[in-house]
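The values are calculated or read from the model by the stated rules, or taken from the named source; none is laboratory data. Given the structure is predicted, the values throughout are model-derived calculations rather than measurements. All Cβ positions, glycine included, derive from the backbone under ideal geometry; neighbour counts span all protein chains shown. SASA here: full protein model, heavy atoms, side chains in, ligands and nucleic acids out. Shrake-Rupley method; radii C 1.70, N 1.55, O 1.52, S 1.80 Å.
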Amino acid sequence: MSDRHDDFDGLDGFDEPRDGLPEGAFADGDPDDALLEEELRQAAAILDPVPAGLRQVAVDAFALHDLDARVAELTFDSLVDAIPVRGETDPPRMLTFRSDGVTVDVEVTADGLIGQVLPPGPAGIEVLSGPRAHARLTADDMGRFTGDAPPAGPFALRLRTGGEVVVTEWLRA
């Protein structure tokens with residue numbers, strides 16, 4: 001072995017234990033692991049960012065992983081389509097999605113989500129947010145639903161009404 005690798009003798013494999021773990025393994029629940037993971041994510045985002053085109057392809061592929069689902073297109077977004085209200089400092093974001101006879105109106109606020117599925121009726125709703133656990137909401141007989149936490153980062157909604165599945169486009173909260 002050359003001189004520049006002498007410092008790494010015995011660290012070239014996963015066979016030698018350190019604190020009872022194989023080299024390179026993390027202990028479950030170690031708080032330093034979450035910090036390290038976040039620092040690595042930030043470094044990767046700066047040094048080797050994912051190209052926008054590839055990110056969009058990945059988001060589209062994830063949204064369509066349920067092949068029976070219909071995609072509800074965004075037809076109204078208050079960030080783009082609405083006229084600002086004078087004096088309103090933090091207006092809620094209003095969104096409307098449409099797909100073959102199903103309309104979903106959603107209001108995104110700092111307190112969470114409020115929405116309605118039209119035509120009115122009960123529905124199961126999942127707030128998709130990438131690899132994180134999905135928030136599950138239920139629409140009542142009038143199609144109304146609420147969620148306690150606003151989505152963080154990109155999100156989409158998956159609605160199950162009877163035998164139908166409708167997935168909205170992905171948006172950043």
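The stretch between residue 116 and residue 140 holds 7.7 nm of extra length on full extension. This uses 0.36 nm per residue minus the Cα-Cα distance. Evaluating 6.51 cos²θ - 1.76 cosθ + 1.60 at θ = phi - 60° for every residue in segment 103-108, the Karplus couplings come out as 10, 10, 9, 9, 10, 9 Hz, glycine and proline recorded as x. The modelled label-to-label distance between residue 75 and residue 160, using points 7 Å beyond Cα along the C-beta direction, is 2.6 nm.
So how much slack lies between residue 89 and residue 169, counting 0.36 nm per residue of separation and subtracting their Cα-Cα distance, in nm?
Values: separation 80, 0.36 × 80 = 28.80 nm, distance 2.68 nm.
Full extension of this stretch gives 26.1 nm more.
Site pair residue 54 and residue 33 shows an inter-label distance of 2.6 nm when each label is modelled 7 Å from Cα along Cα→Cβ.
Whole-percent P(r), segment 129-173, all Cα pairs, 5 Å bins from 0: 5, 17, 28, 29, 14, 6, 0. Working ranking of peptides 146-156, 36-46 by packing, defined as the average number of other Cβ atoms within 10 Å per residue, highest first, is 146-156, 36-46. When the surface is traced with a 1.4 Å probe over the full set of protein chains, residue 158 keeps roughly 10 Å² accessible.
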